[in-house]
1. Only one of these conditions is not met by residue 42: (1) under 30 Å from residue 145 (Cα atoms); (2) in contact with a helix residue (DSSP H, G or I) (Cβ under 9 Å, 6 or more places away or on another chain). Which number is it?
2. Just checking, which of 63, 131, 99 is surrounded by 16 or more Cβ atoms within 10 Å (Cβ to Cβ) and touching a helix residue (DSSP H, G or I) at 6+ places or on another chain (Cβ under 9 Å)?
3. Taking the residues in the stretch 170-189 that are touching a strand residue (DSSP E or B) at 6+ places or on another chain (Cβ under 8 Å) and part of a helix (DSSP H, G or I) as candidates, determine which candidate is surrounded by the most Cβ atoms within 10 Å (Cβ to Cβ).
4. If we only count strands (runs of 3 or more DSSP E) wholly inside the stretch 55-169, which ones have 2 or more residues that are in contact with a strand residue (DSSP E or B) (Cβ under 9 Å, 6 or more places away or on another chain), in contact (Cβ under 8 Å) with a residue 60 or more places away in the chain and more than 25 Å from residue 44 (Cβ to Cβ)?
5. Quick one: in the stretch 3-42, which of the residues that are over 24 Å from the mean Cα position of the chain (by Cα) and in contact (Cβ under 8 Å) with a residue 40 or more places away in the chain is surrounded by the most Cβ atoms within 10 Å (Cβ to Cβ)?
6. Return only the number of the condition from (1) closer than 18 Å to residue 7 by Cβ; (2) modelled with pLDDT under 95; (3) buried (at least 17 other Cβ atoms within 10 Å of the Cβ) that residue 113 does not satisfy.
7. All but one of (1) surrounded by fewer than 17 Cβ atoms within 10 Å (Cβ to Cβ); (2) modelled with pLDDT under 95; (3) touching a helix residue (DSSP H, G or I) at 6+ places or on another chain (Cβ under 8 Å) hold for residue 144; state the number of the condition that does not hold.
């Protein structure tokens, strides 16, 4: 697929779904937080919580399904998924700002995710992750369009996995008090940035750390 054309449709899809996501949150906050969202969280009906968790899982499935339908190669599909995820996440907050004038600032705290346990953090953190995912994935698709595919060796894969787990841990740790009805703990910025740096290292090493870091379209491994 032509890079510009592909990115246009991925962007359009991500923006549109970002609005759908924000609309759902508008409805939920009207019910549970009519005076505005804040911590500690109000008790939520168990069925509503299960429904919301399954909705998040369904959203991830939709993102992946769209990526699969857009590209035929695994590497391109993964890159497309991360672009969709990043655009969706960023525009979710943009539309919430338009609809609810929330968040008040990038430092405003939010419940970020519910799978497998709640995540919490300041808005700037997931947006930073999304921007990184988009930038890296666009670069991957640009190479793929030229028939070049990046080889992610054991070191880069291990660093990427460790970085992702570290970033996720930085979101789960402050959410622990929230589960007990309290305020979120201080955000572990050192843990977050350590994980982010590991992820950046994994990407850079995969591209520049090996002279044979890319392979041609004729290599069918990816």
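1. (1)
2. Details: 131 fails: surrounded by 16 or more Cβ atoms within 10 Å (Cβ to Cβ); 99 fails: surrounded by 16 or more Cβ atoms within 10 Å (Cβ to Cβ).
On inspection, the qualifying residue turns out to be 63.
3. Applying the first criterion (touching a strand residue (DSSP E or B) at 6+ places or on another chain (Cβ under 8 Å)) to the stretch 170-189 yields 170-172, 174-175, 178, 184, 187.
Those left that are additionally part of a helix (DSSP H, G or I): 170-172, 174-175, 178.
Details: 170: 22, 171: 25, 172: 18, 174: 20, 175: 20, 178: 19.
Filtering the stretch 170-189 for residues that are touching a strand residue (DSSP E or B) at 6+ places or on another chain (Cβ under 8 Å) and part of a helix (DSSP H, G or I), the one surrounded by the most Cβ atoms within 10 Å (Cβ to Cβ) comes out as 171.
4. On the way: elements: 109-113, 119-122, 148-150.
Per the criteria, 148-150.
5. In the first step, residues of the stretch 3-42 are kept if they are over 24 Å from the mean Cα position of the chain (by Cα); the result is 30-36, 40, 42.
Those left that are additionally in contact (Cβ under 8 Å) with a residue 40 or more places away in the chain: 36, 40.
Numbers: 36: 10, 40: 12.
Checking each candidate, the answer is 40.
6. Single failed check for residue 113: (1).
7. (1)
The values are calculated or read from the model by the stated rules, or taken from the named source; none is laboratory data. The structure displayed is predicted, hence computed values, not measured ones. Cβ coordinates were reconstructed from backbone atoms using ideal geometry, including for glycine residues, and neighbour counts include every protein chain displayed.
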